[in-house]
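Below: the structure, in structure tokens.
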Amino acid sequence: MTTAFASPSTYVQGDGLLKDAAKYIAPFGKQGLLLTDDVVWQLIGEQFYGDLTAAGLTIERVAFNGESSPEEIERIKTIGEQSKAAFVIALGGGKTNDTTKAVGDVLHVPVVIVPTLASNDSPCTRLSVIYSESGEFLHYIFYDKNPDLVLVDTSVIAGAPVRFLIDGMADALSTNVEAQTVARAREVTLLPLQTQQTAAGLALAEKCEDLLFKYGTQAVTAASSHVVSPALTHIVEANILLSGVGAESSGLAAAHSFQNGLTALSGDVHKLSHGQKVSYGTLVNLVLEGASDKRFEKYLKFELALGLPTTLADLKLADASDEDLMKVATLTVQEGETIHNMGFPVTAAAVFEAIKAVDAYSRKFQGLD
């Protein structure tokens, strides 16, 4: 058995961290690119740029066009070559991060990720999701290494709408559920190395879940008031570091495959966030593995408290036909999906039944029937 573990070279988190970011970035060189969209630039980007240049760094700001597309990557790569950038910085959300990782890879320079939201775990991973210029999914790019530096300013995260923190918590909630599934099945992880879990990777997934259940309610309350508290600090670390590294080094199973399967349908379901879709997938994962009532309800109660989707109506699929749900189930089990890490054969029929079972159990639990 060959195992592997991967993580960012350095992860730094703190309240007001961006004011001192230059000291962490300077070892990479004196000249670099800062990729950020116009909204983030106006909110915090211009101040961040000023702090970096005041500290002696030469920074060229590049306006991100909004899609992590091959064309955008090529455009920014050319700018980086012309300016002889020694490093690239992402300031923003998931697509900004993914584009910056791709640019850093083709330029062979260090990548610095500065997330402005704790809504997903992309800052710490060694992959990018690539879309067309019109926003259609194309493929993934896997890299030889994770980002060199991740800087997380908790005051920036606290300043964002609380729904983004909850989205990240929903995604993070699946981390240990899927990791334990993969561990039981002795399947490979998400790393592009065809390797199995280390004890360290599994421990991070377990710690991620532990923090969510211990501090989730306090953290949401703090984020709702845009204040930084110890509980919020724990949840930011869970959402960004522990979920990212834990998922990548421990593997995925049915929860994320279900989220992908939803692309078989059109309509309002796609107005939901990645985390919201995965949250229902976590419950599907639990049904498929045969979780006890006690275990299932532990996660169901957590999701209900956060206002996450636990019924088909919540997923905007109240009127979906059985034929529609079978389309989702069929796509969920397509070849190459991580649902095949469950440790036993999973059919579209089994996924269809699990989708319906989650809906029925949640409605009964809430007294909606």
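The values are calculated or read from the model by the stated rules, or taken from the named source; none is laboratory data. In this text, all values refer to a predicted model and were calculated from it rather than measured experimentally. Virtual Cβ from ideal backbone geometry, glycine too; neighbours counted across all protein chains shown. All accessible areas refer to the heavy atoms of the entire protein, side chains included, with ligands and DNA or RNA removed. Shrake-Rupley method; radii C 1.70, N 1.55, O 1.52, S 1.80 Å.
At 7 Å along the Cα-to-beta-carbon direction for both residue 19 and residue 136, put a label point, then send me their distance in nm to one decimal. Here the modelled spin labels are 4.9 nm apart. Of all stretches in the chain that contain no GluC sites (Glu not before Pro) in a DSSP loop with at most 15 other Cβ atoms within 10 Å, the longest one is 137-334.
Between residue 31 and 58, 86, the built amide H atoms are under 5 Å apart, and every one of these is 5 or more places off in sequence or on another chain.
Listed values for the range 128-133 are Karplus-derived 3J(HN,Hα) couplings in whole Hz (6.51 cos²θ - 1.76 cosθ + 1.60, θ = phi - 60°), namely 10, 9, 10, 10, 6, 4, and x replaces Gly and Pro. Stokes-Einstein diffusion for the range 103-226, with the hydrodynamic radius set to the Kirkwood value over Cα pairs and evaluated at 10 °C in a medium of 1.306 mPa s, equals 96 µm²/s. Distant-in-sequence amide contacts of residue 13, defined by a placed amide H-H separation under 5 Å and a gap of 5 or more residues or a different chain, comprise 152. With 0.36 nm allotted per residue and the present C-alpha distance subtracted, the residue 65-residue 295 stretch has 78.4 nm of extension available. Of the trypsin sites (Lys or Arg not before Pro) found in the range 15-98, those in coil by DSSP whose Cβ has at most 16 other Cβ atoms within 10 Å are 30, 84. Take the range 262-369 with all the other protein chains still there, run a 1.4 Å probe, and you get 48 Å² of accessible area per residue.
Percent of C-alpha pairs per 10 Å bin in the range 1-144, short distances first: 11, 44, 35, 8, 1, 0.
Which whole-number percent of Cα pairs in the chain have a distance greater than 25 Å?
When every Cα pair of the chain is considered, 53 percent fall beyond 25 Å.
For the chain, the 222 nm mean residue ellipticity estimated from helices alone, with every DSSP H stretch of n ≥ 4 adding -39500 (n - 2.57) and the total spread over all residues, rounds to -15500 deg cm²/dmol.
Given their separation in residues at 0.36 nm each and the Cα-Cα distance between them, residue 326 and residue 12 gain 108.6 nm when the chain is fully extended. Extending 7 Å from the Cα toward the beta-carbon at both residue 55 and residue 83 defines two label points whose distance is 1.7 nm. Within the straight-line cut-off of under 17 Å between alpha carbons, the aspartates and glutamates reachable from residue 30 are 20, 51, 60, 81, 148, sequence neighbours fewer than 8 places apart in one chain being disregarded. For residue 207, the aspartates and glutamates whose Cα comes closer than 14 Å to its Cα, not counting residues fewer than 8 places off in the same chain, are 178, 237.
Here the Karplus relation 6.51 cos²θ - 1.76 cosθ + 1.60, evaluated at θ = phi - 60°, turns the backbone of the range 352-362 into coupling constants of 4, 5, 5, 4, 5, 5, 4, 4, 5, 5, 5 Hz, with x for every Gly and Pro. Phi-derived couplings, Karplus 6.51 cos²θ - 1.76 cosθ + 1.60 at θ = phi - 60°, listed residue by residue for the range 165-174: 5, 5, 4, x, 5, 5, 5, 5, 4, 6 Hz, with x used for Gly and Pro. Taking each of 101/298; 23/101; 145/301; 294/327 in turn, the alpha-carbon distance tops 32 angstrom for 101/298; 145/301.
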